[in-house]
1. Could you check the range B:67-102 and list, in sequence order, the residues that are under 22 Å from B:ALA51 (Cβ atoms) and within 14 Å of another protein chain (Cβ to nearest Cβ)?
2. Looking at the range A:114-161, what helices (runs of 4 or more DSSP H) fall wholly within it and have at least 2 residues that are at pLDDT 90 or above?
3. Just to be sure before I move on: is B:LYS189 within 19 Å of B:ILE245 (Cα to Cα), in a loop (DSSP other than H, G, I, E, B) and in contact (Cβ under 8 Å) with a residue 12 or more places away in the chain in the structure I sent?
4. Only one of (1) aliphatic (A, V, I, L, M); (2) at pLDDT below 90; (3) farther than 30 Å from B:GLU161 by Cβ is not met by B:MET23, so which one is it?
5. Could you say which residue among B:LYS200, B:LYS243 is assigned to a loop (DSSP other than H, G, I, E, B) and charged (D, E, K, R)?
6. Considering each residue of the range B:150-170, count those that are farther than 18 Å from B:ILE74 by Cα and of a type in the set (A, V, I, L, M, F, W, C), and give that number.
7. What are the residues in the range A:155-181 that are more than 14 Å from chain B (Cβ to nearest Cβ) and either among the small types (Gly, Ala, Ser) or buried (at least 20 other Cβ atoms within 10 Å of the Cβ) (or both), if any?
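The values are calculated or read from the model by the stated rules, or taken from the named source; none is laboratory data. Bear in mind that the values here come from a model prediction, so they are computed numbers and not experimental data. Cβ placement follows ideal geometry from the backbone for every residue including glycine, while neighbour counts extend to all protein chains displayed.
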Amino acid sequence: MVNEPVEKSDEQVVQEILDGNTDAFAILVQRYEPKLKRYGWRFLSQTENIEDIVQNVFLSVYENLRSFDVKRRFSPWIYRIAHNAFVNALKKRPHEPLPFFDPEVLFPHPLSLERPDRDLERKDLKEMLDKLLSEISVKYREPLILFYLQELDYATIAEILHLPISTVGVRISRGRTQLKKISEAKGYST
Amino acid sequence: MTTPNSPLEEKILKAIHEHRVNMRPHWRYTLRMVGLIVLLMVIAAYLLFHASFFFYALHQNGSLLLPGFGINGISRLFNSFPWDLFAIGLILVVIISAIVGQKTRAYRLPFIYTLAGILAIATLVSVLIAWSPFHEKFNQMATDDNFSVITPIYQQYTIEEPGETFIGEITQVDDKQFTLIDRRGYVIKVRVTNSTNIQKGFSIAKGEATIVIGDLQNGWVNAEAINTLPLQFGKDVISQVQKNIEKGEQIPHPKK
């Protein structure tokens, strides 16, 4: 019986890079390039310069690798860097202004637990999301992408977006409602 | 070396090997963290000084005694409240909360929790500092040595009473009127009318420390209410008034 090599965790790979094996950075690029590109395409809703933005994300990750604490999870950390890069790209667009002040992060919300969507509902929502992403407001678009398309949990999304978990829940819920309204208005069946 | 799987991977590895991108040294992050901590400490120190001065001033200028006069007193307190000091303190609390919320794990909480927590801690510590001899010593230095920046601020907020409020020692009593000298040496003549509300058990007598509310017109105050001062505060007021009397500093009140 041949023992398959156990795949190293992201944190173990980071430690290896910090110990001097910079080529191991390729492993992180291989693992995260498709995820970040998908994230970027969905969030920015256009294909041009996503490649450049994602390249800059990886370069920024490499530059700042010594600030990463290997006792924490790597995935939210790289997603956070990507989030910042995509938000900066969005700020350059005049027709998609980002709110300066968001009352949703000020106060606690009762809706904080993840709702176990029925498989069918989740599938329907994913299909709707694919069609209508660009029409949802930016504030709700990102949590919906991270939850339904990147399949991350509320806690990870909260860590990426630097929001309270309850606010993540509220945004996903409101985003879902907005998505359904737009879908109905356009006559898409669910 | 791993064989690149994508053009992007190839570009990134090439940039790393050619040293066009390098890992930033650890000391940069340590320095950034130290800088942030120092910044927070400086803002927090100023906030505590400012907020404790705010509470000290409220005590010293008699504002905290006004609610004892009922609605009339509360209304005067509201009109003469140091809103500028209050607003600056609140802004500092918001700034610290915003920095803490963004730069630490406090982002996991709604901002209002961070704000409330910092406000509670700042208030508690500031009240303790206000009760300590810290501002009293500063005030004494300001009065005795006349520092050009501190003295006017301390005098403005601690000795100048809220509008139409007069604190001082009774130096002369006549039928239905008396003379008060305040902490700045101003002489105030007070008229007691049938509608004047005098605190139960308080007798208007020479040497008593008192607080009077009423409108000042033509050099006379028609007293709406008269109360005694709390023991220690009263002793401090008498002590300051006596100093002014010894210096010969007694002038009519400048307000008309």
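1. Within the range B:67-102, B:VAL94, B:SER97, B:ALA98, B:ILE99, B:VAL100, B:GLY101 meet the criteria.
2. Hits in the range A:114-161: A:138-144, A:154-161.
3. Numbers: within 19 Å of B:ILE245 (Cα to Cα): yes; in a loop (DSSP other than H, G, I, E, B): no; in contact (Cβ under 8 Å) with a residue 12 or more places away in the chain: yes.
Judged against the criteria, B:LYS189 is not a match.
4. (2)
5. B:LYS200
6. 4
7. The first filter runs over the range A:155-181 and keeps only residues more than 14 Å from chain B (Cβ to nearest Cβ), leaving A:172-181.
Once the filter is applied, which keeps residues that are more than 14 Å from chain B (Cβ to nearest Cβ) and either among the small types (Gly, Ala, Ser) or buried (at least 20 other Cβ atoms within 10 Å of the Cβ) (or both), the range A:155-181 yields A:ILE172, A:SER173, A:GLY175, A:ARG176, A:LEU179.
Condition check ((1) at pLDDT 70 or above; (2) in contact with a Ser or Thr (Cβ under 6 Å, 6 or more places away or on another chain); (3) surrounded by 14 or more Cβ atoms within 10 Å (Cβ to Cβ); (4) in a loop (DSSP other than H, G, I, E, B)) across all residues:
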| position | (1), (2), (3), (4) |
| --- | --- |
| A:ARG66 | yes, no, yes, no |
| A:ASP69 | yes, no, no, yes |
| A:TRP77 | yes, no, yes, no |
| A:ALA82 | yes, no, yes, no |
| A:LEU98 | no, no, no, yes |
